[in-house]
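After the structure tokens below, expect a handful of questions from me.
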There are 2 protein chains.
Amino acid sequence: MDVALKAIADPRRREILRLVWSKELPASDIASHFHDVTRSAVSQHLGVLRNANLVCERRDANRRLYRANVEEMANLRTFLDQYWSGRLNRLKSAAEAAQRDKDARNG
Amino acid sequence: MDVALKAIADPRRREILRLVWSKELPASDIASHFHDVTRSAVSQHLGVLRNANLVCERRDANRRLYRANVEEMANLRTFLDQYWSGRLNRLKSAAEAAQRDKDARNG
DNA sequence: TGCTTACGTAAGGCGCAACTTAAATACGAA
DNA sequence: TTCGTATTTAAGTTGCGCCTTACGTAAGCA
């Protein structure tokens, strides 16, 4: 999950995700959308997104077609929703507060 | 918004946010929660979070009390929800597709 | 005034992440 | 096979982020 968060922390990668959100695109089309960076750089960004499971890759002859993995994006959203304010978090906070109190008494 | 995303991309800062989510804490308490890093490092993380408007700071004599800015966190969540699948995005995508088609015809 | 506590800030080290160019790989076509 | 296209991968540079140590600042107290 950390990998996914670091992936979307980069504006270039967010733009790529937006490009392939609703339609499949070959790497060349994605790359040609950025005029200030080489194809190689875009390819490496795609590698990061692929590694974070945020995009799917499909081969078509010469080309590689990319598409956003909407399901994984949804997982990321629910994680963000629940990390801070979910039930698990409240339990964990209480446990850690107790641990800190204990440490403070014994330290 | 980019600042906020980069801020929560770091696991240490996410942990800090979780610590001050439901209760106000002085910087020293936050720092003492991390045993593998100095107070200075934690202070710098707090600076990043403050700069991203993800935490509020309140002074009490000697100390500085921190608390998560839940409202800004909610803004971040809605941004994440709408960035990829919102109406603005659909319009922007259509415009860019048209531009690419135009470029393809003229190039 | 001095001392202590609780912080932030400055300066520098170090690793990683993003980029470039150049080379390698994969595929289709001649 | 040879060539051209599409793309990744390798190698190297550079800048930025996280860290530490050292110093500065603000507040309370003797």
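So, in segment A:17-41, of the ones that are in contact (Cβ under 8 Å) with a residue 40 or more places away in the chain and within 13 Å of DNA strand D (Cβ to nearest atom), which residue ends up surrounded by the fewest Cβ atoms within 10 Å (Cβ to Cβ)?
Filtering first and then ranking leaves A:24.
If you take the residues in segment A:42-59 that are touching a residue at least 24 places away in the same chain (Cβ under 8 Å) and more than 10 Å from residue A:20 (Cβ to Cβ), which one is nearest to DNA strand D (Cβ to nearest atom)?
That would be A:42.
A further question follows. Given the condition more than 14 Å from chain A (Cβ to nearest Cβ), away from DNA strand D (no atom under 12 Å from the Cβ), surrounded by 14 or more Cβ atoms within 10 Å (Cβ to Cβ) and part of a helix (DSSP H, G or I), answer yes or no: does some residue in segment B:4-12 qualify?
Scanning segment B:4-12, I find no residue that is more than 14 Å from chain A (Cβ to nearest Cβ), away from DNA strand D (no atom under 12 Å from the Cβ), surrounded by 14 or more Cβ atoms within 10 Å (Cβ to Cβ) and part of a helix (DSSP H, G or I), so the answer is no.
Restricting segment A:82-95 to residues that are exposed (fewer than 14 other Cβ atoms within 10 Å of the Cβ) and not polar (S, T, N, Q), which is modelled with the highest pLDDT?
Going through the qualifying residues, I end up with A:86.
Next question. Filter segment A:42-65 down to the residues that are more than 9 Å from DNA strand C (Cβ to nearest atom), open to solvent by 50 Å² or more (accessible area, probe 1.4 Å) and under 19 Å from residue B:83 (Cβ atoms) and list them by number.
A:53
The values are calculated or read from the model by the stated rules, or taken from the named source; none is laboratory data. Owing to the predicted nature of the structure, the values given are computational and were not obtained by experimental measurement. In this analysis, Cβ positions are derived from the backbone assuming ideal geometry, glycine residues included, and neighbour counts consider all displayed protein chains. When the accessible area is computed, the model is the full protein with side chains, heavy atoms only, and any ligands, DNA or RNA have been set aside. Shrake-Rupley method; radii C 1.70, N 1.55, O 1.52, S 1.80 Å.
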